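Note sheet for the following structure.
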Amino acid sequence: MIIFIGIAILLTVLTLLWILRPIFGATSGVKTTAITIAAVTVMGAFSLYAFLGPIAFADFANQNSKPETAAAGQQIRAEIADDAQIKQMVTTLAAKLEANPNNPNGWVMLLRSYKVLGRYDDADAVFAKAKKHIGETPELKSAYEELKTERSK
């Protein structure tokens, strides 16, 4: 992101210098006006980017991460649920957490796995177990909120 901002600043300054070059040979008052225009343009461009940039990128990220229809989401979930390798990985993770329950990241991963598989009752049980073993961490609570949102759709 820093590289992008640096390149944007450089290109903006070079463009302004190219556009305003005839004015630099003029009198002192005109030079001041040119520099003021350049400064306002640069500040305005970056203020607009700061205001609109996160909105535009958030929309783009959400657009690409959600299935277009509920039916497409259900189809994807069904394909994942039928995959034996994924079922085995989730089962292995659950067994590892039973053996070593002090793994906050593991509980969150298991909760999210059950959400993706549509196993909401199992996810509720995992949330209760996780709270008992590690407490209600922000990550765990966030994952459970995602589950409740998904369930209500």
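Quick note: the coordinates plus some simple rules give every number you see, no bench work behind them. Here the structure is a predicted model, which is why all the values come from computation and not from measurement. Heads up, the Cβs are rebuilt from the backbone with ideal geometry, glycines too, and the neighbour counts pull from every protein chain shown.
Tabulated data for the structure shown
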{"quantity": "Identity of the residue in segment 116-140, closer than 15 Å to residue 103 by Cβ and hydrophobic (A, V, I, L, M, F, W, C), that ends up surrounded by the fewest Cβ atoms within 10 Å (Cβ to Cβ)", "calculated": "134"}
{"quantity": "Hits in segment 99-153 (condition: under 24 Å from the mean Cα position of the chain (by Cα) and of a type in the set (Lys, Arg))", "calculated": "112, 115, 141, 148, 151, 153"}
{"quantity": "Residues of segment 95-113 that turn out to be within 16 Å of residue 131 (Cα to Cα), surrounded by 13 or more Cβ atoms within 10 Å (Cβ to Cβ) and out of contact with any Gly (no Cβ under 9 Å at 6 or more places or on another chain), as a count", "calculated": "9"}
